[in-house]
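Enquirer: I'd like to ask some things about the structure below.
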Amino acid sequence: AKCQCKVVPRERTNCGYPGISAAECKKIGCCFNASVPSVPWCYNPKPKKVKKVCPNDPYTRINCGYPGIKPRECTRRGCCFRAHPAGVPWCFYHRVMEE
């Protein structure tokens, strides 16, 4: 993603070798910007931003508790709690989504 390559020149960490081409740099998953001298031109992208969400589809829930778990015990475990529908876990793990 383009926004992951918006790294301040002085915060760039080298991701290639001296004289690497833009194409070679991008091929190994790095960012290339040759506009600033004496900083790495081929550099590591910013890590992706992720957020935890409770999955909406009840049938993709991964159980995080036990039958009869109380909402407070579930959230203390760092999990999601939704007491519906029947037949699926009510206490379940978050999903990690890219922002």
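Enquirer: Could you give the length gained by full extension between GLU98 and THR75, i.e. 0.36 nm per residue of separation minus their alpha carbon distance, to one decimal place?
Expert: Once the chain is fully extended between GLU98 and THR75, it gains 6.0 nm.
Enquirer: Please report Rg (one decimal) and Dmax (integer) in Å for the Cα set of region 2-43.
Expert: 9.2, 24
Enquirer: Could you give the size of the charge dipole of region 2-43 about its Cα centre, using +1 on the Cβ of each K and R and -1 on the Cβ of each D and E, expressed in debye and rounded to the nearest 20?
Expert: 140
Enquirer: For region 50-98, with only Lys/Arg (+1) and Asp/Glu (-1) charged at the beta-carbon, what is the dipole magnitude about the Cα centre, in debye rounded to 20?
Expert: It works out to roughly 200 debye.
Enquirer: Percent of accessible area on region 50-98 owned by carbon and sulfur, 1.4 Å probe?
Expert: The C+S portion of the solvent-accessible surface of region 50-98 is 56 percent.
Enquirer: Using helices alone, I'd like the mean residue ellipticity at 222 nm for the chain: each DSSP H run of four-plus residues gives -39500 (n - 2.57), total over residue count, nearest 500.
Expert: My calculation for the chain gives -2500 deg cm²/dmol from helical runs alone.
Enquirer: Let's test this: bin the Cα-Cα distances of region 50-98 at 10 Å from zero up to the farthest pair and state each bin's percent.
Expert: Taking all Cα pairs of region 50-98, the binned fractions are 31, 56, 13, 0 percent.
Enquirer: Follow-up. Accessible surface of THR75 in the full protein assembly, 1.4 angstrom probe, to the nearest 10 Å²?
Expert: 80
Enquirer: Let me ask something else about it. To the nearest 20 Debye, how big is the dipole of the chain about its Cα centre, given +1 on the beta carbon of each Lys and Arg and -1 on that of each Asp and Glu?
Expert: Around 280 debye, computed over the chain.
Enquirer: Could you pull the accessible area for VAL53 with a 1.4 Å probe, rounded to 10 Å²?
Expert: 40
Enquirer: Next up: Taking a Cβ-Cβ separation under 4.7 Å as the criterion for a possible partner, which cysteines of the chain have none?
Expert: Within the chain, the cysteines lacking a partner Cβ under 4.7 Å are CYS3.
Enquirer: Next question. Could you work out the per residue convex hull volume over the alpha carbons of the chain, in cubic angstrom?
Expert: Measuring per residue, one finds 132 Å³ for the Cα hull of the chain.
Enquirer: From the residues VAL53, VAL7, TRP90, which one has its Cα farthest along the dipole of the chain in the positive direction, the dipole being from +1 and -1 charges on Cβ of Lys/Arg and Asp/Glu about the Cα centre?
Expert: Of the candidates, TRP90 comes out farthest on the positive side.
Enquirer: Could you tell me the calculated FRET efficiency between ASN56 and GLN4, based on Cβ-Cβ distance and R0 = 30 angstrom, to the nearest 0.05?
Expert: In this case the efficiency is close to 0.65.
The values are calculated or read from the model by the stated rules, or taken from the named source; none is laboratory data. Given the structure is predicted, the values throughout are model-derived calculations rather than measurements. So basically every Cβ, Gly included, is an ideal-geometry build from the backbone, and we count neighbours across all protein chains shown. What goes into the accessible areas is simple: the full protein's heavy atoms, side chains included, and nothing from ligands, DNA or RNA. Shrake-Rupley method; radii C 1.70, N 1.55, O 1.52, S 1.80 Å.
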